[in-house]
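S.K.: Structure incoming, see below.
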Amino acid sequence: MQNFEQFIGSFSFDKRLGEVDIIASIAHTKMLMETSIINTNDGDKIIFGLNSILKDLQTGWSLPEEEDIHYALEKELIRRIGEVGGRMHTARSRNDQVATDLRMYVKQEINTIESIINKFQKILVRKAEENIDVVMPGFTHLQPAQPILAAHYLLAYAWMLDRDKQRLLDCYKRTNVLPLGSAALAGTSFPIDRNFTAKLLGFESVTENSLDAVSDRDFAIEFVFCMSMIALHLTRFCEEIILWMNPEFAYITLDDKFTSGSSIMPQKRNPDCAEVIRGKSGRVFGDLIALLTVVKSLPLAYNRDLQEDKSPVFDAFDSMRISLEVIVEMVESLKFVKENTRKSTEKGFIAATEIADYLTKQGMPFRTAHGIVKNIVLYCQKNNKTLNNLSFEEYNKFSCLFRQDIFEYLDAGNIANMKTSYGATSKKSITLQIQNIKRTLK
Ligand code: ARG
């Protein structure tokens, strides 16, 4: 025999909305008093009761279980202040109530995530400043492409996170609209003042259509999408941390506390934290699909399916909050091994493009220069040489446009620092980039 009540209930997971539910209920009660729908005496009792429950919840006390958090709070209120507690639910339904609670909760979550991202960006910027002289290979297709500064790489992630913050801010705008007062679906015949409640709760405006208001979960989907994009960005960073910790690269080191040993292979340091963060993306993407599917095909207005909206929102938030907190500390401990990144720039002929540009600047069409440098590289490969240890005579055999100064164009640091276009990898461009990103940071 199943426990059907528990099956249709949501208390086990929506008790998390307890605090916001009380805050929303206090505001609703104040509005009912303001509009004389209930008298001051009754209203004061309700607010007193709600505040006493809030205080107890904050000290770790648990509400007795009911079908959901809304019923549980109302029952507890009536238990504490008597039948008058039943006036609280005047001109309100659980449908507009839960939509309000979830919006309030998502607004808080947005603020929490935004502030951790901001912290993360600050660390990336500081690391960029500290590592401004570290040269490393930049990759395309994961093959050595052109030299870059490590600072440029770190800042790339800072800008990714800037877009994540902008997305959250945008989501916040649409979340910041109050559905309360839409009642079950049709609105109410009581003379309520929705704007009054909105002001008390810090909502920018009120919803325009009661049917839409109680059935809309777009804001929640958008929020989980925002979490998914953050998760995706973190997987890219973690992937590189994992790769660069590999002794074949040995570009970076992390504090030992972010890695673990193997139970069988004594030499191993595994990048577990980075791997777990990368793995969390699976849950968060799953949360997004879950939420989209819950809302898909639902007829207007409220349907009980919507109760399943909360777990994906909470799970995506929890996963990203902890992931961001961990990655912040992990990146704080990240150190570049300058000698190794530099050594790596000597492999893979990464000065090739610069040599082609050199010839182009001497007047040769770029495509012709590209062909010549391709032959130089083939020559090096055949004779087991690098672009650095070819002699001037050898260069001259390929083109008479080469001058002695060609050797300045072969140094990885020089090559990176010659990229002075806006948004490029030179120290000069990066200094400006750092100024620009700092302006976006709180
Ligand atoms: N526990 C429900 C939810 O989370 C609250 C709304 C219930 N409304 C209803 N008409 N049964 O969605």
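S.K.: Show me the helices (runs of 4 or more DSSP H) entirely contained within the range 383-442 in which 2 or more residues are more than 30 Å from residue 158 (Cβ to Cβ).
M.R.: Hits in the range 383-442: 392-398.
S.K.: Return a yes/no flag: does the range 65-78 have any residue that is more than 16 Å from the ligand (Cβ to nearest atom), more than 30 Å from residue 346 (Cα to Cα), crowded, with 22+ Cβ neighbours inside 10 Å and of a type in the set (A, V, I, L, M).
M.R.: Within the range 65-78 (the criterion being more than 16 Å from the ligand (Cβ to nearest atom), more than 30 Å from residue 346 (Cα to Cα), crowded, with 22+ Cβ neighbours inside 10 Å and of a type in the set (A, V, I, L, M)), the answer is yes, since at least one residue qualifies.
S.K.: Return the only residue of 325, 308 being of a type in the set (Asp, Glu) and under 15 Å from residue 117 (Cα atoms). Talk me through it step by step, then tell me what you get.
M.R.: Numbers: 308 fails: under 15 Å from residue 117 (Cα atoms).
That would be 325, the only listed residue that is of a type in the set (Asp, Glu) and under 15 Å from residue 117 (Cα atoms).
S.K.: Shifting gears a bit: Which residue, of 349, 285, 314, is at pLDDT 95 or above, of a type in the set (Phe, Trp, Tyr) and touching a Ser or Thr at 6+ places or on another chain (Cβ under 9 Å)?
M.R.: 285
S.K.: For the range 1-107, which helices (runs of 4 or more DSSP H) that fit wholly inside it have 1 or more residues that are more than 30 Å from the chain's Cα centre (by Cα)?
M.R.: 4-8, 18-34, 40-58, 69-81
S.K.: Identify all residues within the range 123-170 that are among the hydrophobic types (A, V, I, L, M, F, W, C), over 18 Å from residue 350 (Cβ atoms) and more than 21 Å from the chain's Cα centre (by Cα); write none if there are none.
M.R.: 132, the sole residue that qualifies.
S.K.: Further question on the same structure: Let me spell it out: the conditions are (1) surrounded by fewer than 15 Cβ atoms within 10 Å (Cβ to Cβ); (2) within 25 Å of residue 159 (Cα to Cα), and residue 237 meets all of them except one. Which number is the exception?
M.R.: Among (1) surrounded by fewer than 15 Cβ atoms within 10 Å (Cβ to Cβ); (2) within 25 Å of residue 159 (Cα to Cα), residue 237 violates only (1).
S.K.: Could you please give the count of residues in the range 321-339 that are part of a helix (DSSP H, G or I) and under 21 Å from residue 129 (Cα atoms)?
M.R.: 8
S.K.: Looking only at the range 301-342, count every residue that is aromatic (Phe, Trp, Tyr), under 16 Å from the mean Cα position of the chain (by Cα) and more than 16 Å from the ligand (Cβ to nearest atom) and tell me the total. Explain how you work it out, then say what you get.
M.R.: Residues of the range 301-342 aromatic (Phe, Trp, Tyr): 302, 314, 317, 336.
Filter once more, so that each one left must be under 16 Å from the mean Cα position of the chain (by Cα): 314, 317.
From what's left, more than 16 Å from the ligand (Cβ to nearest atom): 317.
Residues flagged as aromatic (Phe, Trp, Tyr), under 16 Å from the mean Cα position of the chain (by Cα) and more than 16 Å from the ligand (Cβ to nearest atom) within the range 301-342 amount to 1.
S.K.: Sticking with this one: Before we move on, is residue 126 in contact (Cβ under 8 Å) with a residue 12 or more places away in the chain, surrounded by fewer than 23 Cβ atoms within 10 Å (Cβ to Cβ) and in a helix (DSSP H, G or I)?
M.R.: It is false that residue 126 is in contact (Cβ under 8 Å) with a residue 12 or more places away in the chain, surrounded by fewer than 23 Cβ atoms within 10 Å (Cβ to Cβ) and in a helix (DSSP H, G or I).
S.K.: For the range 86-105, indicate whether the set of residues that are of a type in the set (A, V, I, L, M, F, W, C), away from the ligand (no atom under 13 Å from the Cβ) and within 18 Å of residue 317 (Cβ to Cβ) is non-empty.
M.R.: Yes; the residues of the range 86-105 include at least one that is of a type in the set (A, V, I, L, M, F, W, C), away from the ligand (no atom under 13 Å from the Cβ) and within 18 Å of residue 317 (Cβ to Cβ).
S.K.: In contact (Cβ under 8 Å) with a residue 40 or more places away in the chain and either at positive phi or among the polar types (S, T, N, Q) (or both): is that true of residue 404 in this structure?
M.R.: no
S.K.: When only residues in the range 374-389 that are in contact (Cβ under 8 Å) with a residue 24 or more places away in the chain and under 44 Å from the mean Cα position of the chain (by Cα) count, which is surrounded by the fewest Cβ atoms within 10 Å (Cβ to Cβ)?
M.R.: 388
S.K.: Still on this structure: Could you list, in sequence order, all residues of the range 323-352 that are touching a helix residue (DSSP H, G or I) at 6+ places or on another chain (Cβ under 8 Å) and either of a type in the set (A, V, I, L, M) or over 26 Å from residue 126 (Cα atoms) (or both)? If you could, list the steps in order and put the result at the bottom.
M.R.: Within the range 323-352, the first condition is being touching a helix residue (DSSP H, G or I) at 6+ places or on another chain (Cβ under 8 Å), and the residues that meet it are 323-334, 336, 341-342, 345-346, 349-352.
Those that are touching a helix residue (DSSP H, G or I) at 6+ places or on another chain (Cβ under 8 Å) and either of a type in the set (A, V, I, L, M) or over 26 Å from residue 126 (Cα atoms) (or both): 324, 326, 327, 328, 330, 331, 334, 346, 349, 350, 351, 352.
S.K.: Give the residues of the range 8-44 that are in contact with a Lys or Arg (Cβ under 6 Å, 6 or more places away or on another chain) and under 19 Å from residue 305 (Cα atoms), sorted by residue number.
M.R.: Matches in the range 8-44: 13, 14.
S.K.: If residue 105 passes every condition in (1) hydroxyl-bearing (Ser, Thr, Tyr); (2) surrounded by 19 or more Cβ atoms within 10 Å (Cβ to Cβ); (3) in contact with a strand residue (DSSP E or B) (Cβ under 9 Å, 6 or more places away or on another chain) but one, which one does it miss?
M.R.: Unmet condition: (3).
The values are calculated or read from the model by the stated rules, or taken from the named source; none is laboratory data. Values in this document were obtained by computation on a predicted structure and should not be read as measured data. Using ideal geometry, Cβ is built from the backbone for each residue, glycine included, and neighbour counts are taken over all protein chains shown.
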